[in-house]
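The values are calculated or read from the model by the stated rules, or taken from the named source; none is laboratory data. Remember, it's a predicted structure, so these values are computed and weren't measured experimentally. Counting neighbours? That spans all protein chains shown, and the Cβs are built from the backbone with ideal geometry, glycine included. For the accessible areas, the whole protein counts, side chains as well, though only heavy atoms, and no ligand, DNA or RNA atoms are used. Shrake-Rupley method; radii C 1.70, N 1.55, O 1.52, S 1.80 Å.
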Amino acid sequence: MNDDAAALYDQLQHRAAALAAAGPRCRFAPSPSGPLHLGNARSSLLAWLHARLLGATLVMRMEDLDRPRVKPGSAEQVLHDLRRLGLDWDEGPDIGGPLGDYTQSRRDPLYQVALDRLDARGLVFPCYCSRKDIENATRAPHGHTLTYPGTCKELDAAGRKRAQARRPERRPGYRLKVSDQVVAIEDAVLGSLQQHLRDEVGAFVVRRADGLFAYQLAVTVDDALMGITDILRGEDLFVSTPRQVYLWSLLDYPAPRFAHVPLMCEPSGKKMSKRDGSESIAAFFENGGSAPQLVGVLAASVGLVPAGSVLSADELLQELTLARFFSALRQAGQMSHLA
Ligand code: GLU
Ligand code: ZN
């Protein structure tokens, strides 16, 4: 283990715990994989309102973990777009802070420390399976989340050698063993979720076969080392939450509170995505739209203000209380599930 990285990890953990004890801490976690679309803008606006209503310190973390998906210039563009919307943050890659670095691609040594420590407890094993192997072993329909069948979990040294020899060109990924227990979470918007990790997910990837650290590990280490107490994010990540809560417990850190908000849909009802060119914030401004117009549209789409409202992010904040904010989100969540 790299001693410097381990010392930094411990120092950050210590500092994060002290800051978290002093008051709530929230975060933005955008991925710089292209221009922010209106759905991303709405989730960011909601994260900002949540943090400000809580009186929290708000951290900006740039999630450029998945190097192949990062678009050059996109990180700067994301920060610029969010500022234009009228949002701000208290710590981040552009302004610094006590728990940096705030950019994931610069945090590999910290993820490695966490992985080494889990490994030292016998919780991590190399996995030689391809996606196809897992599909074949589980006969799950294509495209569904696959429960890892445990193929490589019990391999001894000789078994690992044989598995590697079968595909010499491919490096193993690393998976985390999960316990035989139900993880229960209580979400401020979506309510309760119970997941049996072993039966519903299986041992999950913490380091990918291409050598990159997996989202589940990175995001948990980051949230823990940044002292995050309250997370608001898109509901596509709801099903990941039990894995992260399990990791939080292994990292010996109290899990944060969660709120998962409905994703914004196209008028057609389809989920917005960066790939299909759903309208970007940048395009909205270029076409002459103003920040108060955009804030009004986004806030009205989750029932925070009446349709047709035009108001700045700060004015919107003045109109809300935490109770009103959550009751609107819960209602919007129910509507999006009926749709
Ligand atoms: N970076 C992730 C995304 O943009 C969000 C991760 C999280 O909030 O946990 O989808
Ligand atoms: Zn395997």
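Could you provide, to the nearest whole Å², the per residue accessible area of the chain with probe 1.4 Å? Write down the numbers at each step before the final one.
Values: 15880 Å² over 339 residues.
On a per-residue basis, 47 Å².
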Amide H neighbours of ARG27 at under 5 Å, excluding residues fewer than 5 places away on the same chain, with H built from the backbone geometry, are VAL59, LEU232
Work out, step by step, the length gained on full extension between PHE285 and LYS71: first 0.36 nm times the residue separation, then minus their alpha carbon distance; give nm to one decimal.
75.0 nm
Cα-based equivalent ellipsoid, the stretch 1-136: semi-axes from gyration tensor eigenvalues, Å
29, 23, 14
Between HIS196 and ALA17, the two model label points (7 Å from Cα along the beta-carbon direction) sit apart by a distance in nm of 3.4
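Counting pairs of alpha carbon atoms under 8 Å apart in space and at least six apart in sequence, what relative contact order in percent does the stretch 26-81 give?
Values: 58 pairs, mean separation 31.6, N = 56.
Result for the stretch 26-81 is 56 percent.
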Cα to Cα, under 24 Å, and not fewer than 8 places away if on the same chain: which lysines meet these conditions relative to LYS271?
LYS71
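Taking only DSSP H segments of four or more residues, each worth -39500 (n - 2.57), what value at 222 nm results for the chain once the sum is divided by all its residues, to the nearest 500 deg cm²/dmol? Don't skip to the end; give the middle numbers.
Values: 13 runs with 145 residues, N = 339.
Computed ellipticity for the chain at 222 nm equals -13000 deg cm²/dmol.
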Two decimals, Cα atoms only, Kirkwood Rh: what is Rg/Rh over the stretch 213-339?
1.01
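Can you tell me, using C-alpha contacts under 8 Å and at least 6 residues apart, the relative contact order of the chain as a whole percent? Please report the intermediate quantities before stating the final value.
Details: 522 pairs, mean separation 73.2, N = 339.
The value is 22 percent.
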Once the dipole of the chain is set up with Lys and Arg at +1 and Asp and Glu at -1 on Cβ about the Cα centre, which of LEU298, GLY191, TYR148 lies farthest towards its positive end?
TYR148
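Divide the volume of the convex hull of the Cα atoms of the stretch 134-266 by its number of residues and quote the answer in cubic angstrom per residue. Mind showing how you got there, number by number?
On the way: hull volume 19.7 nm³, N = 133.
Measuring per residue, one finds 148 Å³ for the Cα hull of the stretch 134-266.
With r defined as the distance between the Cβ atoms of SER336 and HIS80 and R0 fixed at 35 Å, what FRET efficiency is calculated, to the nearest 0.05? Provide the component values of the computation, followed by the final result.
Working: r = 29 Å, r/R0 = 0.83.
The calculated FRET efficiency here is 0.75.
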Nearest 20 debye, what's the magnitude of the dipole of the chain about its Cα centre given +1 on Lys and Arg Cβ and -1 on Asp and Glu Cβ?
1220
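According to the Cα gyration tensor, what semi-axes, each the square root of 5 times an eigenvalue, does the equivalent ellipsoid of the stretch 39-84 have, listed from largest to smallest in whole Å?
They are 23, 12, 9 Å, listed largest first.
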May I ask what percent, to the nearest 5, of DSSP beta bridges between residues of the chain are antiparallel?
60
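Plugging the Kirkwood radius over Cα pairs into Stokes-Einstein for the stretch 76-186, at a temperature of 25 °C and a viscosity of 0.890 mPa s, what D comes out in µm²/s? Don't jump to the answer; show the numbers that get you there.
On the way: Rh = 18.1 Å.
In µm²/s, the coefficient is 135.
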Dipole size in debye (nearest 20) for the stretch 225-267 around its Cα centre, Lys and Arg Cβ +1, Asp and Glu Cβ -1?
120
With all protein chains present, the stretch 101-212 has a carbon and sulfur share of its accessible area (1.4 Å probe) in percent of 47
Got a sec? Which residues in the stretch 195-234 would a label at ASP101 touch, if it sits 7 Å along Cα→Cβ and we count backbone N under 15 Å?
213, 222
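When the chain is fully extended, how far beyond the present Cα-Cα distance does ASP133 get from LEU263, taking 0.36 nm per residue of separation? Show your work: numbers first, answer last.
Numbers: separation 130, 0.36 × 130 = 46.80 nm, distance 3.23 nm.
Answer, rounded to one decimal: 43.6 nm.
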For the chain, divide the Cα radius of gyration by the Kirkwood radius and give the resulting Rg/Rh value with two decimals.
0.98
For LYS153, the aspartates and glutamates lying under 15 Å Cα to Cα, once residues fewer than eight places off in the same chain are dropped, come out as ASP119, ASP133, ASP180, ASP199
